[in-house]
Amino acid sequence: MLIPFFCMLRDGGMKTSITELLVLHEAMQKGLAGHNVDDFYFLARTTLVKDEAHLDRFDRIFAAYFKGVEDSLKDLMQEIPEDWLQRQAELSLSDEEKALIESMGGFEELMKALQARLDEQDSRHEGGSKWIGTAGTSPFGAYGYNPEGVRIGQQGSRNRSATKVWDKREYRNLDDSVELGTRNIKVALRRLRKFAREGAADQLDLNDTIDKTARNGGMLDIRMVPERHNAVKVLLCLDIGGSMDDHVRICEEMFSAARTEFKHLEYFYFHNFIYESMWKDNRRRQAEKTATLDIAHKYASDYKLVFVGDATMSPYEIAYAGGSVEHWNEEPGAVWIKRLLNTYPKAIWLNPEPKARWDYTPSVKLVRELMDDRMYPLTIAGLDEGMKELH
Amino acid sequence: MANERFTGTSSYIATDDLTMAVNAAVTLERPILIKGEPGTGKTQLAIEVAKSLGKPLFEWHIKSTTKAQQGLYEYDAVARLRDSQLGDDKVHDIANYILPGKVWEAFEAETQPVLLIDEIDKADIEFPNDLLQELDRMEFFVYETKKLVSARNRPIIVITSNNEKELPDAFLRRCFFHYIKFPDQDTMAKIVDVHFPGLKKALLSEALNAFYKVRDVRGLKKKPSTSELLDWIKLLLAEDIPPEALRSENARSAIPPLYGALLKNEQDVHLFEQLVFLDRRNNPS
């Protein structure tokens, strides 16, 4: 009986396996689900969902299936606009928007209206998400004002008391459809490994022990060595702000993966291109700058240099003195990047823009020339190639 | 078959979905993976499960240097070499130098034990993969003695993760999964009640209000969690702070007393103070 449900989960983009389905059957056979649909929901969830990011999707599919509304699968795939729902942190309301909410009769009314709009959108089937999106300046943009109070999954607020658990969809903002998880990135980064023995000697060095014992006339002389650790050193320079805002997520993932993967990781931020200084803390970037020369002097040339940036800017910002958009730079960026590249022979540039678009931007071409073509797309395949280059 | 059911204990409030996940794991004898914000009682769960079902508990705390092998057993070759020099008789039996790890100990237990593998995400990224077979079949092979160790009673395995690293799919498929979501105000009141029975209603509700207000501050690096709330209430009681001091109406922009127990990060404290300051300036009352 669960096979259609299982198929729906798969169609809905969940990676549930047959093993897990069998476990669910086994559990039901042992009477765990009882005769209560809530229990069954909990059991199915603990068995079939293995990532909190998928809980919301599971809830939606569960609701859809057990209402017998298989058609609504269609809008499971079609996300409610992300920027509208998820950027709660960025949303701040102007007074007139707040007034608008009040004029709509507060949040209850607002949400009813929203539900109506969503339903209408269902019947339209095309461009639906955009339709709601244009409501951004309308009271619906106000969602961020009180994100806790809203349950999209709820079918009308009149039967609130009878709301099903899965209809609450409390895990809403955890859903991620980004395929590139940090695990993949870490596995790619693992290519860049250089083992060295350092630290406390806690492993038996068998060869040396045999050798020393033999020389010692048979008296045991135990030799220890430190365990091997990844000793690769990485200097990460990240472009931040401006056109990079579109790529914040992937850069964050890349950054957090790199942080746990490399013991010796130093990072600096820059805006658009490298000039005479970079910074470590974006909140205090005017006050606490580090001179690029100091960086080059402080970190030895065995560091691997990785730039992350879209390299999309006006070519003047690279080639001319005073070309920076933020300050007057005495020397062109090209000179500074050359200096860094001379210090660090192992260097790559990772570009979050898709490779197909590189040719259309003159500055990308320029940067590629400066980097001797060592520019790779910020994808798993690109990282893989890049790490090979760094090795 | 185990017919006892876990329903939470006198000192641990378990929600319905959590009890279901634990009972499924107990009944089907499969590991359960618990994730959630730090301080929501993940580790505590294993302790409470063991306590309420009356089973022995084995705790294996994972560090960044922990290897999967260490949970099974370690062969102390150095000690054996030394003993051979001293002519100790022990040296003829290699089994004397095999030191069982936590997993082995749990496998050998007389009654069905609870095995806690705490913070599995701290270890190397391959660590969970190295334990697949052991957790699946509940047995492993000791190469030095050519002996197969299999569990006398399949232990109830509780695994916790803080999400520092993602876990491999193959590993996840073998586990039940539960994400402890942050408790809502009602559940939180129950939790506090379990820890501080007889706490004055007024203080509790004021404390919870203040707590959730702090949690709602945007951009905090580490939001205060259940364990911080409990610590804070302990302090409030110790200092005998009256509930009025926490009330937001008469001091709407005041920093809650002893907030150091809630915010553990210097930047968060800074941010919080700034917000309060701004609030005060915008709403002079």
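Structural remarks
- With respect to the conditions (1) under 17 Å from A:Trp336 (Cβ atoms); (2) among the polar types (S, T, N, Q); (3) within 29 Å of the chain's Cα centre (by Cα), A:Asn230 falls short on a single one, namely (1).
- The residue that is modelled with the highest pLDDT, among those in the range A:34-47 that are more than 9 Å from every other protein chain (Cβ to nearest Cβ) and under 13 Å from A:Leu2 (Cα atoms), is A:Ala44.
Listed here are the residues, each with its yes/no results for (1) touching a Leu at 6+ places or on another chain (Cβ under 9 Å); (2) touching a residue at least 24 places away in the same chain (Cβ under 8 Å); (3) β-branched (Val, Ile, Thr); (4) part of a helix (DSSP H, G or I).
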| position | (1), (2), (3), (4) |
| --- | --- |
| A:Leu305 | yes, yes, no, no |
| A:Ala311 | yes, yes, no, no |
| A:Ser324 | no, yes, no, no |
| A:Glu330 | no, yes, no, no |
| A:Leu341 | yes, yes, no, yes |
| A:Ser363 | no, yes, no, yes |
| A:Val367 | no, yes, yes, yes |
| A:Asp373 | no, no, no, no |
| A:Leu383 | yes, yes, no, yes |
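- Selection count where residues are buried (at least 18 other Cβ atoms within 10 Å of the Cβ) and in contact with a strand residue (DSSP E or B) (Cβ under 9 Å, 6 or more places away or on another chain), scope the range A:277-307: 11
- Verdict on B:Gln133 being among the polar types (S, T, N, Q), away from every other protein chain (no Cβ under 14 Å) and under 22 Å from the mean Cα position of the chain (by Cα): no
- Residue in the range B:8-30 that is at the interface with chain A (Cβ under 10 Å from one of its Cβ atoms), in contact (Cβ under 8 Å) with a residue 60 or more places away in the chain and charged (D, E, K, R) present: yes
Each row is one residue, and each column tells you yes or no for (1) over 32 Å from the mean Cα position of the chain (by Cα); (2) over 30 Å from B:Lys165 (Cβ atoms); (3) within 14 Å of another protein chain (Cβ to nearest Cβ).
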position: B:Arg82; (1), (2), (3): yes, yes, yes
position: B:Asp89; (1), (2), (3): yes, yes, no
position: B:Ile94; (1), (2), (3): yes, yes, no
position: B:Tyr97; (1), (2), (3): yes, yes, yes
position: B:Lys102; (1), (2), (3): no, no, no
position: B:Leu116; (1), (2), (3): no, no, no
position: B:Glu119; (1), (2), (3): no, no, yes
position: B:Ile125; (1), (2), (3): no, no, yes
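- Among (1) surrounded by 19 or more Cβ atoms within 10 Å (Cβ to Cβ); (2) outside any strand (DSSP E or B); (3) of a type outside the set (Asp, Glu); (4) out of contact with any Asp or Glu (no Cβ under 7 Å at 6 or more places or on another chain) - the single one B:Thr111 does not satisfy: (1)
- Summed over the range A:335-362, the residues that are among the small types (Gly, Ala, Ser) and surrounded by 20 or more Cβ atoms within 10 Å (Cβ to Cβ) give a count of 1.
Residues checked against (1) in a helix (DSSP H, G or I); (2) surrounded by 15 or more Cβ atoms within 10 Å (Cβ to Cβ):
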position: A:Ile210; (1), (2): yes, no
position: A:Ile222; (1), (2): no, yes
position: A:Leu235; (1), (2): no, yes
position: A:Leu238; (1), (2): no, yes
position: A:His247; (1), (2): yes, yes
position: A:Glu253; (1), (2): yes, yes
position: A:Ala258; (1), (2): yes, yes
position: A:Leu265; (1), (2): no, yes
position: A:Tyr275; (1), (2): no, yes
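- Selection within the range B:151-173 - within 10 Å of chain A (Cβ to nearest Cβ), assigned to a loop (DSSP other than H, G, I, E, B) and surrounded by fewer than 21 Cβ atoms within 10 Å (Cβ to Cβ): B:Asn163, B:Glu164, B:Glu166, B:Pro168
- Qualifying residue in the range A:59-78 (condition: facing chain B (nearest Cβ under 10 Å), surrounded by 13 or more Cβ atoms within 10 Å (Cβ to Cβ), modelled with pLDDT of 70 or more and touching a helix residue (DSSP H, G or I) at 6+ places or on another chain (Cβ under 8 Å)): no
- Within the range A:315-325, tally of residues that are surrounded by 14 or more Cβ atoms within 10 Å (Cβ to Cβ) and within 31 Å of the chain's Cα centre (by Cα): 4
- When the range A:289-303 is filtered for residues that are in a loop (DSSP other than H, G, I, E, B) and touching a Lys or Arg at 6+ places or on another chain (Cβ under 7 Å), the ones remaining, listed by number, are A:Asp302, A:Tyr303.
- Counting the residues of the range B:31-80 that are within 14 Å of chain A (Cβ to nearest Cβ) and closer than 18 Å to B:Ile98 by Cβ gives 10.
- Pairs, first surrounded by 16 or more Cβ atoms within 10 Å (Cβ to Cβ) in the range B:66-88, second part of a helix (DSSP H, G or I) and among the acidic types (Asp, Glu), C-beta under 7 Å, six or more apart: B:Ala68/B:Asp130; B:Leu72/B:Glu134
- Within the range B:135-182, the set of residues being basic (Lys, Arg) and closer than 25 Å to B:Gly8 by Cβ comprises B:Arg154, B:Lys181.
- Unmet requirement for A:Val335, which otherwise passes all of (1) in a helix (DSSP H, G or I); (2) in contact with a helix residue (DSSP H, G or I) (Cβ under 6 Å, 6 or more places away or on another chain): (2)
- Selection status of B:Tyr179, under 26 Å from A:Ile18 (Cα atoms) and among the aromatic types (Phe, Trp, Tyr): yes
The values are calculated or read from the model by the stated rules, or taken from the named source; none is laboratory data. All figures in this text were calculated on a predicted structure; none of them were measured in a lab. Please note: Cβ atoms are built from the backbone with ideal geometry, for glycine as well, and neighbour counts cover all protein chains shown.
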